[in-house]
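Okay, structure first, notes after.
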Amino acid sequence: MTTVGLLYPGHSAEDDFPRIEVLLDTDIRLPVFHTDIGEDAHRVDALLKMGADERLAEGVEELRLAGAESVVWACTSGSFVYGWEGAREQTRALALAAGLPASSTSFAFAHAVQALGAERVAVAATYPEDVTGHFTAFLKAAGAEVVADRASGIVTAAEVGTWEKDQVLELVRAGDHPDAEVVLLPDTALHTAGFLPELEEAVGKPVLTANQVTVWEGLRLAERKAWAPKLGTLFATRE
């Protein structure tokens, strides 16, 4: 059995993770441990507080007791808002607190883009424009060329968590760009696990979503390979 511990802020789309467990159809386990979201706002000051080291450390003991082999801070905005170096320090602090390999959803996106061999990406974000800009800057620091970045202006994770499949399909189509090799949907509050192949079919290219790449990153850290085509191109290779 492989257990990936996930630290998730508040409650919005955490039910994606048991759904991913089912789609993986293996002995992989994805226990979710909730951190204090504080103020639910896609606003820089609130996001910096949400991703503070002490808040992430609060869930570490439960995670260890669950037998986690790796841990991922399952929050994109609460990591990239610190910038590349700040996000690295965040994951270092988490690794030290947990005594385990650690990462975040922001780094998961960077590593997943590289794993797909892509260089040009489009961002289809639920966030306000300024927060989306921080994600774009993070991706550029990772070496990706961002050819388009669409901001939807949604302020709270709670609202994002209510989006239905048709709204997510509309978002990925609107955020796509002809020059992009892959489209990124960066919000872990967005439900996507149940229809990843449909998202990719809608734009005719790989789509990376926050909860998908979070699981993939945790498995990468645990050195566990997984094959599950229903989770999109990222999980569709046996290599």
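FYI, it's all coordinate maths here, none of it is from the lab. Keep in mind that this is a model prediction, so the values were computed, not measured. Neighbour counts run over all protein chains shown; Cβ positions are idealised from the backbone, glycine included.
Around Thr3, which amide H atoms from residues at least 5 apart in sequence, or from another chain, sit under 5 Å from its own amide H, with H modelled in the peptide plane?
Under 5 Å from the amide H of Thr3 lie the amide H atoms of Arg29, Glu69, each far enough along the sequence or on another chain.
Order these by the 10 Å Cβ neighbour count, fewest first: Met1, Met50.
Met1, Met50
Using the Karplus curve 6.51 cos²θ - 1.76 cosθ + 1.60 with θ = phi - 60°, what ³J(HN,Hα) values do you get for each residue of region 31-36, in whole Hz, with x for Gly and Pro?
x, 10, 10, 7, 9, 6
Quick one: which residues, 5 or more positions from Val123 or on another chain, have an amide H under 5 Å from its amide H? H modelled 1.01 Å from N in the peptide plane, none for Pro or chain starts.
Under 5 Å from the amide H of Val123: Ala148, Asp149, Arg150, Leu184.
Please compute the modelled spin-label separation between Lys49 and Glu85, points set 7 Å along Cα→Cβ, answer in nm with one decimal.
Spacing of the two 7 Å Cα→Cβ label points: 2.6 nm.
If you take the square roots of the eigenvalues of the alpha-carbon gyration tensor of region 107-221 and sort them as a ≥ b ≥ c, do you get rounded (a/c under 1.5), prolate (a/b over b/c) or oblate?
It comes out rounded by the Cα gyration axes.
For the chain, set up a Gaussian network in which alpha carbons nearer than 10 Å are linked by springs, and say which option among Ala115, Ala13, Ala74 fluctuates the most.
Largest GNM mean-square fluctuation: Ala115.
Tell me, Glu61, Glu14, Glu170 in order of fewest to most beta-carbon neighbours within 10 Å?
Fewest to most other Cβ atoms nearby, the residues stand as Glu61, Glu170, Glu14.
For Ala95 and Glu58, compute 0.36 nm times the residue count separating them, minus their Cα-Cα distance, and round to one decimal in nm.
12.0 nm
Hey, what do the phi angles of region 123-130 turn into as Karplus ³J(HN,Hα) couplings, whole Hz, using 6.51/-1.76/1.60 and θ = phi - 60°, x for Gly and Pro?
10, 10, 9, 7, 5, x, 4, 5
Please report how far the C-alpha centroid of region 184-206 lies from that of region 92-167, rounded to the nearest whole angstrom.
13
What does the C-alpha gyration tensor say about the overall shape of the chain? Classify as rounded when a/c is under 1.5, otherwise prolate if a/b is larger than b/c, or oblate.
Rounded shape, in that the Cα axes give a/c under 1.5.
So if each residue of separation counts as 0.36 nm, and I subtract the Cα-Cα distance between Ala66 and Asp179, what length gain in nm does that give?
36.4 nm
For Thr2, Thr105, Thr162, what's the fewest-to-most ordering of other Cβ within 10 Å of each Cβ?
Listing Thr2, Thr105, Thr162 from fewest to most nearby Cβ atoms yields Thr162, Thr2, Thr105.
With each pseudo-label sitting 7 Å past Cα toward Cβ, what's the Glu201-Glu39 distance in nm, one decimal?
In this crude spin-label approximation the distance works out to 4.3 nm.
Under 12 Å between alpha carbons, and skipping anything fewer than 8 positions from Lys165 in its own chain: which aspartates and glutamates qualify?
Glu198
What is the calculated FRET efficiency for Val22 to Glu223, with r their C-beta to C-beta distance and R₀ = 22 Å, to the nearest 0.05?
Taking R0 as 22 Å, the efficiency between Val22 and Glu223 is 0.45.
Evaluate the distance, in nm, between pseudo-label points positioned 7 Å from the Cα of Ala137 and of Glu119 along their respective Cα→Cβ axes.
Placing both labels 7 Å along Cα→Cβ, they lie 2.5 nm apart.
Does a label point 7 Å from the Cα of Thr237, set along Cα-to-beta-carbon, have any residues of region 111-153 with amide nitrogen under 15 Å, and which are they?
Inside the label zone: 111-120.
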